[in-house]
1. When you scan region 62-96, how many residues do you find that are more than 30 Å from ILE373 (Cα to Cα) and over 16 Å from the mean Cα position of the chain (by Cα)?
2. I'm checking my understanding of the structure. Among residues of region 55-75 that are open to solvent by 10 Å² or more (accessible area, probe 1.4 Å) and not in a loop (DSSP other than H, G, I, E, B), which one is nearest to PHE42 (Cα to Cα)?
3. Pairs only if they're at least six apart or on different chains, beta carbon under 7 angstrom, first in region 205-219 and without any contact (Cβ under 8 Å) to a residue 60 or more places away in the chain, second open to solvent by less than 20 Å² (accessible area, probe 1.4 Å); list them, first residue then second.
4. Just for region 236-250: of the residues that are in contact (Cβ under 8 Å) with a residue 24 or more places away in the chain and surrounded by fewer than 14 Cβ atoms within 10 Å (Cβ to Cβ), which one is farthest from GLU345 (Cα to Cα)?
5. Identify the residue in region 374-418 that is closer than 24 Å to TRP434 by Cα and small (Gly, Ala, Ser) and, among all such residues, is most open to solvent (accessible area, probe 1.4 Å).
6. Looking at (1) open to solvent by 20 Å² or more (accessible area, probe 1.4 Å); (2) free of Cβ contacts under 8 Å to residues at least 24 places away in the same chain, which is the one condition that is false for ILE317?
7. Give region 1-28 a look and list any residue that's more than 23 Å from SER127 (Cα to Cα) and in contact with a Phe, Trp or Tyr (Cβ under 9 Å, 6 or more places away or on another chain), or say none.
8. Within region 194-231, restricting attention to residues that are open to solvent by less than 30 Å² (accessible area, probe 1.4 Å) and among the polar types (S, T, N, Q), which residue is nearest to ALA74 (Cα to Cα)?
Amino acid sequence: RFEEALQEARQVDKLLSEAPGDDYLEEKFPLLGVPVTVKEAFSLYGMPNTSGLVNRRNVIATSDATVVSRLKQAGAIPLGVTNCSELCMWYESSNRVYGRTNNPYDLQRIVGGSSGGEGSVLAAACSVIGVGSDIGGSIRMPAFFNGVFGHKPTTGVVPNDGQFPNAHGVRTSFLCTGPMCRYAEDLEPVLRVMAGPGVSKLKLNEKVSLEKIKFHCMDHDGGSVFVSPVDKEILQAQKKVVEHLESDLGVQVQRVAIHKMKYSFQIWSAMMSSKDSDGEEAQRFTDLLGDHGKPVWPLWELMKWLVGMSSHTFPAIALGLTEKLVNLNLSGKAKLVSMGKSLQEEMEALLGPDGVLLYPSHPTIAPTHHSPICMPFNFAYTAIFNVLGLPVTQCPLGLGSEGLPLGIQLVAAAYNDHLTLAVARYLEKAFGGWVLPGK
């Protein structure tokens, strides 16, 4: 929407020339004139809202999602919408509506998903701030792969209204909407606007003394058979963060080994498919695939895909085929849900009011296109924190030997978003933050 954006920018210029003073404008429009991009899964008036589903290619938003409306009211100017994976349930942003999004640091690499287009345009300096959503790492993986900042807020603070697909049942406790930014200092003001009245639940006005934070560090999940080992370069980058914190702040970073993290994928999967307190079943992915069209039969779609005739991506078909498997062992699933609740209590006790956990953002740097199919559960490194409801900030740590972004997740107890945001600002100064692609 470049023409509309330019027109709105001229109105901002006019407002600036006529305003009684900068303080007045800053209070009323904290994001005045700031360009923003929006994940295409969110409604942005007049823009497509397909979520990568071919049947929805003619769907045009007739209103704004709540967070989009709040950003507009704060003075931000939307440039357009950005690509995602089909129905936002895969970590490569590719679909049959728009095609594939490429990583600006290496076009043969993925951008992550499902907010992958957002990560890509921010890294490529097309936009300054962005709107993403995250139910298994969909803000943090793209932020990591594209070397930018992303924040998954504490659950229930930022409204999820106006996105498709939206969460139903138990998943409303796991889906989070949050900011993605090139610069760490932008996360907090964007989060304040997105949260609206809900911001009062957070402690963003509290001054953070970094020296008083209790830092914990975990190098890997303990060796899950479903997940790749963590790359040496990612481990090395995390080690440098620990060394810097200890030498510069004089803190002692405590190494921890939380046994249940080894079962992150199984816990996430079981909790995602569990019933809510009212006994409501989680929405079936297969039903979502049939939105604005006929019912979808995943096995038939697989046959069509093999001869190049399906309008769905292979990961979406595969998810449709396998989503019933999680309910085959109900007693095992109940044990995993119980383990998840126990892990949540363990994490909250460990982190307390002043703790931050350092944890890898992903086991590998940005993979090549299509390769996630071979290791489909690597997203467990981010997904576990969705079902635990904890705030997490993804922080870039420069580029590795292949010129691809490195990074780290900063995790705090619920409603302590201010701690991870403060540490992200600190690490940006120490490690350089976003690096211009091709520099």
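The values are calculated or read from the model by the stated rules, or taken from the named source; none is laboratory data. Remember, predicted model here, so these are calculated numbers, not experimental data. Quick reminder, even Gly has a Cβ in these numbers, built from the backbone with ideal geometry, and neighbours come from all protein chains shown. Ligands, DNA and RNA are stripped out before the accessible areas are found, and what is left, the full protein with its side chains, is counted by its heavy atoms. Shrake-Rupley method; radii C 1.70, N 1.55, O 1.52, S 1.80 Å.
1. Taking region 62-96 first, the residues more than 30 Å from ILE373 (Cα to Cα) are 62-79.
Right, trim to over 16 Å from the mean Cα position of the chain (by Cα) and you get 62-66, 68-79.
Summing the residues that are more than 30 Å from ILE373 (Cα to Cα) and over 16 Å from the mean Cα position of the chain (by Cα) in region 62-96 gives 17.
2. Taking the candidates together, the pick is THR66.
3. Final answer for the pair search is GLU211/VAL251.
4. Residue satisfying both the conditions and the ranking: ASP248.
5. Residue satisfying both the conditions and the ranking: SER401.
6. Condition (1) is where ILE317 drops out.
7. Passing the criteria: none in range.
8. Restricting to residues being open to solvent by less than 30 Å² (accessible area, probe 1.4 Å) and among the polar types (S, T, N, Q), the top hit is SER228.
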